[in-house]
Structure formats: structure tokens, C-alpha cells
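Report on one structure; see the data block that follows.
The values are calculated or read from the model by the stated rules, or taken from the named source; none is laboratory data. Bear in mind the structure is a predicted one, so any value in this text is a computation, not a measurement. A quick note on method: Cβ atoms are made from the backbone with ideal geometry, for glycine too, and the neighbour counts reach across all protein chains shown. Areas reflect the complete protein model, heavy atoms only, side chains present, ligands, DNA and RNA absent. Shrake-Rupley method; radii C 1.70, N 1.55, O 1.52, S 1.80 Å.
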Amino acid sequence: MNVPTLYGIHYSPWSQRARWALEHHRIDFQYREHTPLLGEFALRRHGRAGGIQGRISVPMLVLPEEVLSDSWDIICYADRVGTGASLQTDKSEVANWARRLEPAYDAARRRVTRRTLESRSALTEAAAGTVPRCLAGLSWPAAAIGARFIARKYRFDPKGAGNQETLVEGLEAIREALGDGPFIYGTFSAADMMAASLVTAIQPHTSPSLGPATRAVWTDEELAERFSDLVTWRDTLRAQ
Ligand SMILES: N[C@@H](CCC(=O)N[C@@H](CS)C(=O)NCC(=O)O)C(=O)O
């Protein structure tokens, strides 16, 4: 039997939300870690085989009959074929959260890429994932090339000013939608997954394990403090 393969970046919020949906619906899959730039060729090959045009990114789910290269499509697929409580992806108000939060996710990508390029330790940790550990200290420039590749691919200046306000707007929208409740729409839905995964951009969850410098690059102490209610909410959801 062909088990679906999920390509992802284990610390990336886009990959985390897709993986979360597959696990929520108890779908059997194998996971492959993607490395920016080095993994581009394999991604394009799968994308071409699946008839996908334009920019290819992770998460990507390779199924025997099709290839899904967008986290929202993967979440919808999981909701269609999986078991367990529905994530309500057929409701337009739930689906709208993917589009609504994308600018905040993009702001997070810019900030993390810029901060990674500024941190020799974070680059060394990134390189350690692709070469033997003893060579990682020498290979950080390769990780810097990978980070600049991401900036080119997603068309931003890695040295440019971040758009922190956009990230803050996304977090405020989540806070307002939650009100006093544990869920955005009464029961757990994909909207909560989208929202909770964005919290990674100010305070990564304890799982997956990250190197200290990588964790520092993702963490925004000021925003994690200002939105500590969302950090607690995300941790509770993940624990459930
Ligand atoms: N719309 C896509 C966006 C995913 C996305 O932006 N992925 C980036 C995260 S930085 C990625 O794949 N980067 C690695 C690469 O392009 O090699 C989704 O929701 O799946």
C-alpha cells in the first residue's frame, strides 16, 4: 500500500498546521524533512508530476493519485478522508482564516529569515540538519545561501524592515475572534489550527525540539508577553 508522503519543515507553521490536520484525522503518512534550496529539485519534480504550476512550497502531500502543495488543501483533504471530529473546512467563515492570516504568516517569514541571517548560531544549527555535525560549524554559509534563496523565492529583501504591525494585526484578530471562548467557532475547527500555528511566530511550542539559537530567532519576547493569553491558548490546544 502506498502511504502518503508529507514533505515539510518541522519548525514551519505552514507545515505544522498541515501535519496537525493529518494527525487529528488519524491519517497514516510518512514524513520527509525539506531543506530550502537543496530540496527544491525534488519538490519541483513532485510538483510537475502532480501537474502543479507556479511556485512550489512545503508542506506538500504526495498521494498516489495527486499532489497537494498548499497547507489549506492538505487540511481539506484530511477533513474529507479522515476519521474523527470535522474541522469544518466546508464552512466559508472557517476557510476565510487561511486568506485572512496569510499576511501575518508572511510577516513572520520575513522576520525569521532576517533574524536567521543575523545569527551565526542559528545558521550553524540549520546547517547541522543537512551535514555531519562536525562540519556544521563550517557549513553555516550554506544555510545563509538557503535563507537568501527563501527571500528571493518569496520576493522580499532579507535586510528590509519587517512588517511587525501585520503580525500584530493577525494576533489581535485571533484574540478578538476567540473572545472568552476556547475556540473561534464554538467547537474546534481548522480556523483554530490556522490561528494557533501562527503563535509559533512569537513563541514556538516546546514540540518539535529546536536548537536554542533557532528557538531564539523565532521567539519575539515582547509579543509573546503582550499575547501571552494566545500562547497559553495554543499550548492548551496542542496538549489536547
Ligand atoms: N500557501 C502555502 C505557503 C507555504 C509556505 O510559504 N511555505 C514556505 C515556508 S517558509 C516554504 O515552503 N519554504 C521552503 C521553500 O520554499 O523551500 C501553504 O499554505 O502551504
Inter-part distance where region 172-240 and region 61-75 are each reduced to a Cα centre, Å: 25 Å
Within the chain, percent of DSSP bridges classed antiparallel, to nearest 5: 60 percent
Region 135-240 pair-distance distribution - Cα-Cα, 5 Å bins, rounded %: 2, 10, 18, 19, 18, 14, 10, 6, 2, 1, 0
Check: region 92-239 dipole with +1 on Lys, Arg Cβ and -1 on Asp, Glu Cβ, in debye: 940 debye
Segment GLU33-ASP90, extension gain: residue separation times 0.36 nm, minus the distance between their alpha carbons: 17.6 nm
Distance-filtered residues of region 76-113 - backbone nitrogen under 13 Å, label point 7 angstrom along LEU63 Cα→Cβ: 76-83
Full-stretch length increase - THR187, ASP235 - with 0.36 nm per residue and alpha-carbon distance subtracted: 15.6 nm
Cα centre as origin, Lys/Arg/Asp/Glu Cβ charges: region 1-95 dipole, Debye: 240 debye
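Of all the Cα-Cα pairs you can form in the chain, what percent are over 34 Å apart?
On the way: 3839 of 28680 pairs.
Of all Cα-Cα distances in the chain, 13 percent exceed 34 Å.
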FRET efficiency, 1/(1 + (r/R0)^6) with R0 25 Å, evaluated for GLU23 and ALA49 via beta carbons: 0.45
Segment ARG215-PHE41, extension gain: residue separation times 0.36 nm, minus the distance between their alpha carbons: 59.9 nm
Sparse-neighbourhood loop sites, trypsin sites (Lys or Arg not before Pro) in region 143-240 - DSSP loop, at most 16 other Cβ within 10 angstrom: ARG155, LYS159
Accessible area expressed per residue, the chain, with surrounding protein chains retained (probe 1.4 Å, Å²): 50 Å²
